[in-house]
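This report concerns only the one structure given below.
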There are 2 protein chains.
Amino acid sequence: MMNVIGEKQGEIKLVNGGVSTPTGYLSGGLHCGIRREKPDLGWLISEVPADAFAVYTKNIFQAAPLKVTQASLSVAQKLQGIIVNSGNANACTGEQGLTDAYQMRELMADRLQIDQHYVAVASTGVIGEFLPMGKINKGIQAIEFKQGSVPLFETAILTTDTKEKKIAVQIEVDGKTVTIGGAAKGSGMINPNMATMLGFITTDAVVDPNVLEQELKTQTDQSFNMITVDGDTSTNDMVIVMANGLAGNEMLDHAHPDLPVFVKALSHVFQFLAKEIARDGEGATKLIEVNVEGTETEEAARQIAKAVISSNLVKTAIHGADANWGRIITAIGYSGVQFEPNEVTVKIGDKTVVENGLPKPFDEAELKSILEQDEVKLYINMGSSHYSALGWGCDLSYEYIRINALYRT
Amino acid sequence: MMNVIGEKQGEIKLVNGGVSTPTGYLSGGLHCGIRREKPDLGWLISEVPADAFAVYTKNIFQAAPLKVTQASLSVAQKLQGIIVNSGNANACTGEQGLTDAYQMRELMADRLQIDQHYVAVASTGVIGEFLPMGKINKGIQAIEFKQGSVPLFETAILTTDTKEKKIAVQIEVDGKTVTIGGAAKGSGMINPNMATMLGFITTDAVVDPNVLEQELKTQTDQSFNMITVDGDTSTNDMVIVMANGLAGNEMLDHAHPDLPVFVKALSHVFQFLAKEIARDGEGATKLIEVNVEGTETEEAARQIAKAVISSNLVKTAIHGADANWGRIITAIGYSGVQFEPNEVTVKIGDKTVVENGLPKPFDEAELKSILEQDEVKLYINMGSSHYSALGWGCDLSYEYIRINALYRT
């Protein structure tokens, strides 16, 4: 997916890297024994405390590490280190789980010799089992705080993911190079209500904290909150953004002329990671992108995109490369949005299959070849109003069933 | 499923039969050529016009036959005949579709020599193709209005269903035998928002029309609206109830002492048919029943039941007979209902797996054997409040993917 590395994309340059590419960040990962063989403990640090914000799952059974991260951020809204384990979610673990998450934070803070509130904690994996604190302790003690090979952090945070999701981009601000890095994990329990994944975004930019906080929310809404793999919102999902200011640019606030390009770069990072998660959904063989236009509100467009991308029937039809547009229409119809059926146009790729609410004849073979691609784009026009939304998902395959009928055992 | 035929169940006697078992009804079905071989045209008539009510899909792309049935009922709120085809949904077919549905009604009314508004029309099958009116005309002309073998109507209305869903029950009212019959279809596009299936309920009872209308809504909410197979709400779903009054009882109104038993019998018929649909969900190998108790409103209980029964992760875990209760907890947590996590108790069968929000150790082998049954019951207690709800669904299997990746082609 990094096939545009080094190319210019507008003013945004993609570079080979990840969360530790911006100036002043280090990251790594190791195997501490929670998972059988794979790396299962990832760490990310900044030379200096960075402004930091996070968004959390809306699931009522919010896991212990999220509560601890919230507690950390509430003190100074800054972070210097993040410690993440995979293989165990530390969710539904009550008081003991909370104690464990606090201890994980303390161990990391001790290693870094920093205040505990500068440390965030994240966990992902099986629900309802206590963290093996002995292993985590040993793992944290074993960390060597020097830059490892780039994807080690990105690999250590994975569960059923088949590959790491990482990106780094650069822009110029006041003649200085500003870098944004990102890593994410998520494959199952992925749905549109935030949640369901971990995302870590780092930058060396000097950014107005209010702008950073607002953009975290806006970009999350337009990326991670617009993907679905299975419609399940996990107990552990969280996106954290850090800005350590080491690029030395003038502060990016609403008055700064380069704010738009920074936001564009940030948006690219968020959407890239979100799409990578959808593409790597459990059992997925295809990325599906839904583009909804012409609605009366942005929320309406989002609702329709989510309904289509969440439909098992749409997902299986695309898996089978079957141009069964009736299922797309059906999902639009039950999305909860009010509209005029006879203003709806649907395209699969660039081929119109429904025009003004009525079927339009198409070449089956041509549609089949579009649906057999690795990326399938659906285009839905709801009328002449001006709002739109993008959503991403994946097909539903035998492999999804295999993975999920057997996950825990 | 008719293994209790002839036994008493409280005051409700189950009898072998279906929609035409109540006095004064006839039904049948034939093959008119929409489907390759199977019966695809079903008819149901009453000797006399019956009080009739219907509920319809909330999908905005409501199919033409539903509009025609609405038009019929709006005249006198009575029906004498119903004509149903399978294999073609007559949905997304615009003006032509509406003309066809009206013509289908007219052909049936002409054969019966009754006013058109006494006829209801229903269709189910592929979306976006025009009805083959020549075949339907020939089919309607070929109907012999005499009682055929009982399941012919019940069979002709099926699509991907693997078996017919039918029931008949009897009660005593004022010393007269009152019979309620029912038939339904639905296998895919089954979800909790009404819709997604066809249901036909007949009775020879004399019933206050207001009671009949109210009970149609109440019973539908507690049965067909509480099942989900894939979360997709179809364009064509409809439940029709008819009461022709030929049992000759005193009118069942709120003052009648036997109203409760009538309602109980009606409820049994609705829930039986709903469960049969869930059990026969596409690719299903198991019926899942979710019983939610202790919520502050009925709606909250319904919301939680629906979230759990709709979760692909729960459905695949149960398919794999994996006691992965974390997925149940996760679905409860994102259901949208507010609650105290530490008041939640979850049982799989009669085994408690979560108590007051915390995992409770269990015997894996014992749980596995519970999960390997044909019917799996989940019991969720949310606290000490007094509302509850039941929901039904099915597991998610390889076979679901196979059916739906290949349905249209």
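Laboratory data are not the source of any read-out in this text; all were calculated from the coordinates shown. Model, not experiment: these values are computed from the prediction. Note: ideal-geometry Cβ built from the backbone for every residue, glycine included; neighbour counts use all protein chains shown.
Please determine, in degrees from 0 to 90 and to the nearest 10, the orientation of helix B:64-76 with respect to the longest principal axis defined by the Cα atoms of chain B, where the helix direction is its Cα long axis. Between helix and principal axis, roughly 70 degrees. Adding -39500 (n - 2.57) for every DSSP H run of four residues or longer, then dividing by how many residues chain B holds, sets the calculated 222 nm ellipticity at -9500 deg cm²/dmol. A label point on B:Val263, set 7 Å along the Cα-to-Cβ line, lies at 5.7 nm from each of its counterparts in the other copies, closest listed first.
Say R0 is 45 Å: what FRET efficiency, to the nearest 0.05, do B:Lys217 and A:Lys138 get from their beta-carbon distance? Here the calculated transfer efficiency is 0.15. Note on A:123-134: average number of Cβ atoms from other chains within 10 Å of each residue's Cβ is 2. Taking the label point 7 Å from Cα in the Cβ direction, how far apart in nm is B:Gly175 from each other copy of itself, listed shortest first? Nearest to farthest, the other copies are at 10.7 nm.
Taking Cα atoms only, the orientation of helix B:298-310 departs from the longest principal axis of chain B by about 90 degrees.
The trypsin sites (Lys or Arg not before Pro) found in the stretch A:89-146 that occupy coil by DSSP, while having at most 10 further C-beta atoms within 10 Å, are A:Lys146. Take each residue of peptide B:391-404, count the partner chain Cβ atoms within 10 Å of its Cβ, and average: the result is 4. Its relative contact order, with pairs defined as Cα atoms under 8 Å and 6+ residues apart, puts the stretch A:9-259 at 27 percent. Pairs from the table (B:Lys78/B:Lys146; A:Lys163/B:Lys306; A:Lys217/A:Lys306; B:Lys185/B:Lys264) lying more than 24 angstrom apart at Cα are A:Lys163/B:Lys306.
Among the chymotrypsin sites (Phe, Trp or Tyr not before Pro) found in the stretch A:198-268, not one is both in a DSSP coil and sparsely packed, with 10 or fewer other Cβ atoms within 10 Å of its Cβ.
Counting from the shortest, the label point at B:Lys351, 7 Å from Cα toward Cβ, is 5.0 nm from the same position in each remaining copy. Note on A:354-361: average number of Cβ atoms from other chains within 10 Å of each residue's Cβ is 3. Computed from Cα atoms, the angle from the helix B:209-221 axis to the main principal axis of chain B rounds to 40 degrees. The chain A residue nearest the rotation axis shared with chain B, using its Cβ and rounding the distance to whole Å, is A:Tyr398, 3. Divided by 2.2 N^0.38 Å, where N counts the residues, the Cα radius of gyration of the stretch B:287-406 comes to 1.03. Qualifying GluC sites (Glu not before Pro) in the stretch A:362-409, where qualification requires a DSSP coil assignment and no more than 13 other C-beta atoms within 10 Å, comprise A:Glu372. Considering only B:Ala301, B:Asn324, B:Pro361, and ranking their Cα positions along the charge dipole of the stretch B:274-398 that arises from unit charges at the beta-carbon of Lys, Arg, Asp and Glu, the one farthest toward the positive end is B:Asn324.
The DSSP beta bridges internal to the protein assembly as shown are antiparallel in roughly 70% of cases.
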